[in-house]
Every structure is written in C-alpha cells, then in structure tokens.
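Structure first, then comments.
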Amino acid sequence: MSESYVAMTLYFRVAGTDAGELRALAEARAEFYRDFPGLVLKAFVHDAEAGRYGSHYIWRDEAAARAFRESDLIAQMVRRFGHQPEIHQYQVLALVQPQASDIGS
C-alpha cells in the first residue's frame, strides 16, 4: 500500500445522554465533515454502557489528521460537552473497502 492512512478514534464522556439526542447531533454535524480535506471515512459512534459518544475516522495521511485535531470542529465539540475528548491515533496497515455493490448485501 503506497498511501499512509491514519485511523483515529475520538470520544467524549456523555453518561446519561439520550441516544436519540446524540443521533440528531450526529446527523446535524455530518455536513461539517463532508468536504474536510483528507477525510476518507467518518463513523459517528455511541457506547451507552461506557457513556461515550465519538467518532472513528480514517484520514488520508498524518497531515490531514493533524489539521483536523487543530480545527474548530473539535473546539466546537469541547464547548458542547465541556471537556477535551479522549483521542487515540493509529497507523493503518491495510485498508479494505468493499465494492459499492457489496454494501448492504
């Protein structure tokens, strides 16, 4: 694989927050990410048992991941939830993307 993808998970503590409220928040915020440079994939996630809300990202490279970490998008979420997120970043060793016809089968 010639490209150097970077995976990132980001979580905020949201114990007791309604899943419907978080889904609405995810849907409302999705538009902010559609054209973010270097973003390959973003999945909004919620772990009700652990009280966490966040995202899994795949970035084209480290520079794109860094630009995101330094962007106002995270600052907006810090203001919303009142604390810094837990962020984990990983090097992607291989990325498998199903064919469009495989999705949902």
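Numerical summary
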{"read-out": "Candidates Glu70, Glu3, filtered to the one that is modelled with pLDDT of 90 or more, out of contact with any Gly (no Cβ under 7 Å at 6 or more places or on another chain), on the phi < 0 side of the Ramachandran plot and charged (D, E, K, R)", "value": "Glu70"}
{"read-out": "Unmet requirement for Val6, which otherwise passes all of (1) more than 14 Å from the chain's Cα centre (by Cα); (2) buried (at least 17 other Cβ atoms within 10 Å of the Cβ)", "value": "(1)"}
{"read-out": "Long-range neighbours under 7 Å by Cβ, at least six apart or interchain, first residue basic (Lys, Arg) within the stretch 3-24, second crowded, with 18+ Cβ neighbours inside 10 Å and not in a loop (DSSP other than H, G, I, E, B)", "value": "Arg13/Arg52"}
{"read-out": "Count of residues meeting criterion [hydrophobic (A, V, I, L, M, F, W, C), out of contact with any helix residue (DSSP H, G or I) (no Cβ under 8 Å at 6 or more places or on another chain) and within 21 Å of Ala75 (Cβ to Cβ)] in the stretch 26-42", "value": "3"}
{"read-out": "Filter result for Arg60 (surrounded by 14 or more Cβ atoms within 10 Å (Cβ to Cβ) and charged (D, E, K, R))", "value": "yes"}
{"read-out": "Test: residue in the stretch 50-65 that is under 17 Å from Tyr11 (Cβ atoms) and basic (Lys, Arg)", "value": "yes"}
{"read-out": "Qualifying residue in the stretch 85-92 (condition: among the charged types (D, E, K, R), under 26 Å from Asp18 (Cβ atoms), surrounded by 12 or more Cβ atoms within 10 Å (Cβ to Cβ) and modelled with pLDDT of 85 or more)", "value": "yes"}
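Every residue, every condition in (1) loosely packed, with under 12 Cβ neighbours inside 10 Å; (2) of a type in the set (Phe, Trp, Tyr), yes or no:
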site: Phe12; (1), (2): no, yes
site: Ala24; (1), (2): yes, no
site: Ala28; (1), (2): yes, no
site: Tyr33; (1), (2): no, yes
site: Leu39; (1), (2): no, no
site: Ala43; (1), (2): yes, no
site: Glu49; (1), (2): yes, no
site: His56; (1), (2): no, no
site: Ala64; (1), (2): no, no
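The values are calculated or read from the model by the stated rules, or taken from the named source; none is laboratory data. Predicted model, so just to flag it, every value in this text is computed and none were measured. Glycine gets a Cβ as well: all are built from the backbone with ideal geometry, and neighbour counts include every protein chain shown.
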